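The values are calculated or read from the model by the stated rules, or taken from the named source; none is laboratory data. For clarity, every value in this text was computed on a predicted model and none was experimentally measured. So basically every Cβ, Gly included, is an ideal-geometry build from the backbone, and we count neighbours across all protein chains shown. Quick note on the areas: whole protein, heavy atoms, side chains included, nothing else; ligands and nucleic acids left out. Shrake-Rupley method; radii C 1.70, N 1.55, O 1.52, S 1.80 Å.
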Amino acid sequence: MTFSSIDPGEMHQLGYGVQSAGKGLAECAAQLRAILNEVELTHPGVAAIGRIGQWLTEQAPDLYRRRDLAYEAEKVDVDVFGNPLPGAVILPGMAQIDESRIIPARVRAEAAQAAPLFAAAARGDAGALEKLAAYKGRLSDPQFATALIEQLGPQGLFALPATMGTRIRKALDADRDSAAAIRRQNRDVLSMLSKALAAATDPTKNAHLNRKFIEEFKRQGRTEIPAPDMGGLTNPGYWSLGQILAAAPKEAYSEWFMGTIGQDMIQWDRDYLKEHRTRFLPKDTDVYNLPAPIDTRPFQNSDVIGAADPIAALMTVASTSRERAQALLDNKDLLKYLMSDRRPQWEMGDRGESLGEAMEAAMKGADADSKRLAVMATQILADEVNPHVSFNDAGELEIKDPSELDRLSGIRDNMGRILAEHTDDIVSSYYKNYARAKDGEFTGIVNGRPIAEFSPPDIDLVLLDVAADEKGYQALLFGQIAHMRGRIDQAIAAHDNTFLQNVITNDSKALGHLLEARRLALVGRGKEADAADAAFRKMVEDGIGLVPIPFAGQVGKVGIKAAETIYENFVKDGYAKAGNWLVEQAGHAGGKTTKAFGDISTNEKTAEQLLKQMLESSAVAHEYYRRDALDKQVFVVGDPPRVKAPHLMNRHEYDAFADWIEGHSRVPSDFGEAQQNVLTGNHELRKSLGASEGGHDG
């Protein structure tokens, strides 16, 4: 970067003077040339005067741009002539500008050649599309990209998708098969524009669009853009922007873009909805509307062309990084709009799948912002679910108008993964029984780490919604199992009985909340729910609790303090992924200890078996047992003798081990402590949701 200090007013005068001098010299050269032509003479000085005049004329725009940069730095608005608007506050003295933001005239000339090619390609000019290929490598260059977008202007940029939509409508009306080829061409053009727009709106680059351009960009985003040859049909500029974003869903837009343009798009969408009560999102089958210029396939595992939803496209682009997603969603009012008032619009499109992806990117991390946004989203979703929940006289939960909740069903699997990553905080929240956090108080600090302060009633309502989705429930369950597995192993490795009792109590209750939420979510929607969740029972029957934590055997060698990284590494990719790894390992090693436990008739009994497996496996892994009479046992290996890892035992060995460990370890007493806690969590959830005493007992 190269900085200089200038007075914007003086720079304006200098630019005007240079421009006037250039114009005067050019006129002088023309007059001299005319005089000499009359007497049939020439003189090289005439051409020199003309060149000087042209050079001065070419320099004036750069001087004006320096003036504009100075005013931009001071946040002074100017009119089209560069004069400060009435009432503008102009601070005395010099303003510092970054000279590297001045785009060379050569680059602007190249951009001026490229801009009309985009307009021609949008109209279907194959030659223009071919010529545009020469500029593909330039589109990520901030100087060229900025010059190109400035050359097009907001109105010209937003007109291109409308022109493309017109071509698609005519193709669909005449020959639907031809529309696919046109859409592929449109995607090529729009993806190029998206790359240029991303580069031009990144304020960290040496060249980028100025504040005045962005204000006009926002204004045009709310302006209706006419679609050519469509009988007066128009679309808002931000609809067009959505189509540009949709063409390149992986494009790396800046955090600034998301927090400025992206949030303004959402505000526009909200304002439109308030004014018109609904927004119809056009599909190909809607013959009186402008269709998407490219294929729009928003539904997971579907070939159906959906609605051309600009907000869905924005969410998809934002979901490509945590920072982008957080910058876009870090506004509670806008997030509430997206999760609440906008539900009818999501139902027309992807049912919120794109929103869910952006939320997951923004909220799944261990950083303070992820946790803060996760609490925020939980509160909003809980408020949406709460009016739909009631209990009948038989004590069973009923969900009123579940289709209203299902309008945003696309976020359930994402919310499951979000909450799974915050399992530690959720377990703690049930123990600490937080009241609903106020704005600005969503997170706290414990041992130097941020924690999310969820309130149990909010979590219970969200569990009730998320657990209706198979993937969402699975993520929650995997997260809870992985958390419990790691903490039990850590407590036994440290021989810390107090820590172990706390883990058993708190994790068991949290698991009870989840299992009951799953049952009620299904029953409340009129579905069958086994007394013991079939998926959960299968995991326990396969011995998921017996799977040892990777590298946990190193604890005795490196010490408890150093071994903390072992347990952190176990879930470094997320609690849900750690739980999935346990499932994959269960029942696939050694002698197959798995068996169908005849007494697992309820979720509570299944959870008890899970806890028993975890206690047994960790007691063996860390040799937390008495060693008498080991040499006579069938489940022993090595010299000196030690207990074989339970997941490597066969059925005969495991049965003998289960009898022996009962009299040679703390497992029975620890297991006894756990038996009531899952049931306690079950009752706590029902009470939290408003159930009367009695009812389902597990």
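Below, the figures for the structure above:
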| read-out | value |
| --- | --- |
| Space enclosed by the convex hull of the alpha-carbon atoms of region 508-551, per residue, Å³ | 87 |
| Hull-based mean projected area of region 451-596, where the convex hull spans the alpha carbons, in square nanometres | 9.9 |
| Globularity index of region 159-200, i.e. its alpha-carbon radius of gyration over 2.2 N^0.38 Å | 1.29 |
| Compactness of region 115-157, expressed as Rg and Dmax over alpha-carbon positions, Å | 10.4, 28 |
| Value of D in µm² per second that Stokes-Einstein yields for region 197-279, Kirkwood Rh from Cα pairs, at 4 °C (1.567 mPa s) | 93 |
| Zero-based 10 Å bins, Cα pair distances in region 130-181, whole percents | 21, 33, 31, 14, 0 |
| Accessible area of region 449-584 divided out per residue, in Å², using a probe of 1.4 angstrom | 37 |
| Peptides ranked, highest mean first, by Cβ atoms within 10 Å: ranges 259-270, 378-389, 407-418 | 407-418, 259-270, 378-389 |
| Most to least packed among 125-133, 519-527 [average Cβ atoms within 10 Å] | 519-527, 125-133 |
| Whole-angstrom Cα spans of the chain along principal axes, big to small | 127, 57, 49 |
| Debye equation applied to the C-alpha atoms of region 479-532, log10 I(q)/I(0) at 0.14, 0.20, 0.24, 0.28 Å⁻¹ | -0.47, -0.70, -0.85, -1.00 |
| Value in Å of the Kirkwood radius, where region 111-208 supplies the Cα pairs that are averaged | 13.7 |
| Order by protection proxy (mean Cβ within 10 Å, highest first), peptides 51-60, 567-576, 189-198 | 189-198, 567-576, 51-60 |
| Largest-first principal axis extents of the Cα set of region 296-422 (Å) | 48, 38, 26 |
| Distance in nm between pseudo-label sites at Asp655 and Glu216 (7 Å out along the Cβ direction from Cα) | 8.4 |
| Cβ-derived FRET efficiency at R0 35 Å, Asn447 paired with Lys471, nearest 0.05 | 0.60 |
| Enclosed volume per residue, in Å³, of the convex hull spanned by Cα atoms of region 391-464 | 128 |
| Per residue solvent-accessible surface (Å²) - region 134-188, probe of 1.4 Å | 41 |
| Carbon/sulfur fraction of accessible area - the chain, other protein chains in place, 1.4 Å, % | 50 |
| Net lengthening on full extension, Asp393/Thr565 (0.36 nm per residue, minus Cα-Cα) | 56.8 nm |
| Point-to-point label distance, Ala435-Lys332, nm (Cα→Cβ direction, 7 Å offset) | 1.5 |
| Alpha-carbon centroid distance for the pair region 478-516 / region 362-419, whole angstrom | 24 |
